[in-house]
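Report on the structure given below.
Where a number appears in this text, it was derived from the coordinates with a stated rule and is not lab data. In this text, all values refer to a predicted model and were calculated from it rather than measured experimentally. Reconstructed Cβ throughout: ideal geometry from the backbone, glycine too, with neighbour counts over all protein chains shown.
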Amino acid sequence: MSTITSFNVPLLGMPNVPKSIGPVDTVANRFETPDYGQNKDELKEKFTQFFGETFYGQTLKSMRSTVGKPAYFHGGQAEEVFRGQLDQHLAEHLTEATADRFASPLFKRQFPNHVDQAAMKNSATNSSLDQLQNLSRR
């Protein structure tokens, strides 16, 4: 039976934070609502893209698994690789066409703070435009 007599434990230092992000101060921002980036629609676009490609990719994969290989004229491994690429391409196009219908309710449920912030921003923009319309010329 052997025992471990000594082992090296690496010393943990400060994390490597890119300079573009800057220092992270968790105490100051502890009670503020999170900001999801400069472009708030980017989060929704990425969520929709991820959900759509995952959903349609798995659907196409399940569809292909129910159909067996033909007895004649099967392309072998090259055809299977091409089918994988074709399914990925189809999933991307289906995502662009129809994923909003599925992803929007899920996005609202997953990120309610983001939806509320976007609604407040839109209402503030609309109210400022209404105020501009109420101005009269002399």
Inset, instruction - Using packing as a proxy for protection, rank 47-60, 67-80 so that the peptide with the highest average count of other Cβ atoms within 10 Å comes first. - result: 47-60, 67-80
Inset, instruction - May I ask for the Kirkwood hydrodynamic radius of the stretch 56-110, worked out over all distinct Cα pairs and given in angstroms to one decimal? - result: 13.1 Å
Legend entry - Net lengthening on full extension, Val81/Glu96 (0.36 nm per residue, minus Cα-Cα): 3.1 nm
